[in-house]
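Take a look at the structure set out below.
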Amino acid sequence: MSHAAHSDIALDLAELGQRLRRARNTAGLTPEEVAQRLHLPLATVGDLEAGRSERIGTPIYLKGFLKSYLKLLELPEDWAEQALAATSVVQTPPIMPAAGAVARRVSWMERYKWAATYVVGTALVLTGVQWLVSNTPQLGFPESPRPAASVAVPVPPAAQLQVAPLVAPAPEAPATSSVAVDEATADEAPVMASLSPFRLPADADAEPGGLLELEFEQASWVEVRDRNGERLAFQTVPAGEKRTFSVGAPFSVLIGNARGVRAVAQGKRFDLEPYVRGNVARFVIATEGQGWAPSAVEREGRNGG
């Protein structure tokens, strides 16, 4: 059906959804293929074709999804604005941050609580050990006479006498005799505990801090996955906030309303415009040369005509 054939029908979300479904069928695409090309959940594609907006969120995301769908089917993108203007879109609460996403606005006490606990606990332990060593010999064990060593007393060549170990101190030897102490016993020395602080092994998975920083000048949504494909963030972020990711690189990144977001890779700001399609940016943060930098992700081509 041509675009002119729709001119006499009021364009709202329901009518726009029917046009999307008819155009998709004409292009020979399935909902699953559309979801894969637009990087959207299959349920969201169904909501767009059914004219539902309750589960999608704020109008800015709904408009972005609709424009991307219209552009995929080579339909006028201004239909999205016309449908939104004629329909009352239900506002839904933002998505809560996923596990692993660190909110930036936290109190300094919460942020450094573990460090303060470690420092105070270590100071108390070292103070107690120092007091124990200073006030009790041999680390608190009561003094006791050491077992006497084997003593060999030289005698005339005709005979020799081996003195057994003595519990009490041995009597003073004659001036003409010499005392030989067993080397294995003489070399024994009290074992003192080392007070040198131990070192924890370095985290083998740690990456340099702040590989990716996102500053949200406008309300947007973001999805960040680590090198294993696990989600580090999948959330709606209000304007004025910032998100930082440092562990798990290389990262795979999707950003809605990308023109309202500023991005920094390893301390260097870069432009998101080369990676934007339908106001949704898609890129990866990977190693290039000696550092980390954004790279485009090869997009899948269209099937059929």
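The values are calculated or read from the model by the stated rules, or taken from the named source; none is laboratory data. Since the model is a prediction, treat every value here as computed from it, not as a measurement. Note: ideal-geometry Cβ built from the backbone for every residue, glycine included; neighbour counts use all protein chains shown.
Observations on the structure shown:
- All conditions in (1) closer than 19 Å to Q218 by Cβ; (2) in contact with an Asp or Glu (Cβ under 6 Å, 6 or more places away or on another chain) hold for E273, with the sole exception of (2).
- Per-region count, the stretch 255-270, residues surrounded by fewer than 19 Cβ atoms within 10 Å (Cβ to Cβ) and assigned to a strand (DSSP E or B): 5
Listed here are the residues, each with its yes/no results for (1) assigned to a loop (DSSP other than H, G, I, E, B); (2) modelled with pLDDT of 90 or more; (3) in contact with a Phe, Trp or Tyr (Cβ under 6 Å, 6 or more places away or on another chain); (4) not assigned by TED's automatic domain parsing to the domain that holds T26.
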position	(1), (2), (3), (4)
T236	no, yes, yes, yes
V247	yes, no, no, yes
P274	no, yes, no, yes
G305	yes, no, no, yes
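- Helices (runs of 4 or more DSSP H) wholly inside the stretch 54-136 that include at least 2 residues being over 30 Å from N25 (Cβ atoms) and at pLDDT 85 or above: 113-135
- The one condition in (1) outside any loop (DSSP other than H, G, I, E, B); (2) modelled with pLDDT of 90 or more that L29 fails to fulfil: (1)
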